[in-house]
Amino acid sequence: MTLTQSLVRGSRSLLLLALTLFSLAPTTASAATEYNETIQFSDDFDSCSGERVLVSGTQHIVGRSIPDAAGKLHFGFTRNTKGTGIGQISGDKYLLTDAFTRASLELVSGAGTTLIEQYDSRLIHQGEDGSKDDTIVHFVSKITVTADGNVIPVVQVGGVECR
């Protein structure tokens, strides 16, 4: 599974869980429900150091949903991505990392919503010479939940920057 597929799967899983819990929730507030998933991925990137890097790792997602008495589901999560890679030409080592937290997403039963978020992953060239050879991948995530509960996730690379 690629990192982008992993991001889409993780986002879709979180929102499907939230919607499922919401449909089962009573109209009064009740206890929080926890969500915990680890997804394996493998992907390759063009690095700022001028070579292709094969990266493998895990994405860990922890979520929590709390229904309230007003009919809203408050859903928050943290996603951490960690991976290691090897440059296909140089054999240099790389580290991929990102962390993203969504404090609260409110879902209302029967109402559609769209969530657009931007976040970055950093591909760090270990043992670098300081010549802007770390790669920052800018992602844009758009998750639409239709009024009938269908989840449509889209994750795109919004750009790449060398630092």
Tell me, please, whether a residue that is open to solvent by 10 Å² or more (accessible area, probe 1.4 Å), closer than 23 Å to M1 by Cα and without any contact (Cβ under 8 Å) to a residue 12 or more places away in the chain can be found in the range 49-68.
-> no
Note on the range 88-119: residues hydrophobic (A, V, I, L, M, F, W, C), open to solvent by less than 80 Å² (accessible area, probe 1.4 Å) and closer than 30 Å to S49 by Cβ are L95, L96, A99, F100
Go through G159, G149, G91 for me and flag whichever is without any contact (Cβ under 8 Å) to a residue 40 or more places away in the chain and out of contact with any strand residue (DSSP E or B) (no Cβ under 8 Å at 6 or more places or on another chain).
-> G91
Only one of (1) out of contact with any Phe, Trp or Tyr (no Cβ under 9 Å at 6 or more places or on another chain); (2) at pLDDT 80 or above does not apply to G158, and that is (1)
Those residues of the range 116-161 which are of a type in the set (S, T, Y) and closer than 16 Å to L95 by Cα, in sequence order | S121, T135
Contact list, first residue from the range 99-116 and closer than 22 Å to H138 by Cα, second anywhere and surrounded by 13 or more Cβ atoms within 10 Å (Cβ to Cβ) and of a type in the set (D, E, K, R), beta-carbon distance below 7 Å, six or more apart or interchain, is F100/R79; T114/K142; I116/K142
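The values are calculated or read from the model by the stated rules, or taken from the named source; none is laboratory data. None of the values given here were measured: they were computed from a predicted structure. In this analysis, Cβ positions are derived from the backbone assuming ideal geometry, glycine residues included, and neighbour counts consider all displayed protein chains. SASA here: full protein model, heavy atoms, side chains in, ligands and nucleic acids out. Shrake-Rupley method; radii C 1.70, N 1.55, O 1.52, S 1.80 Å.
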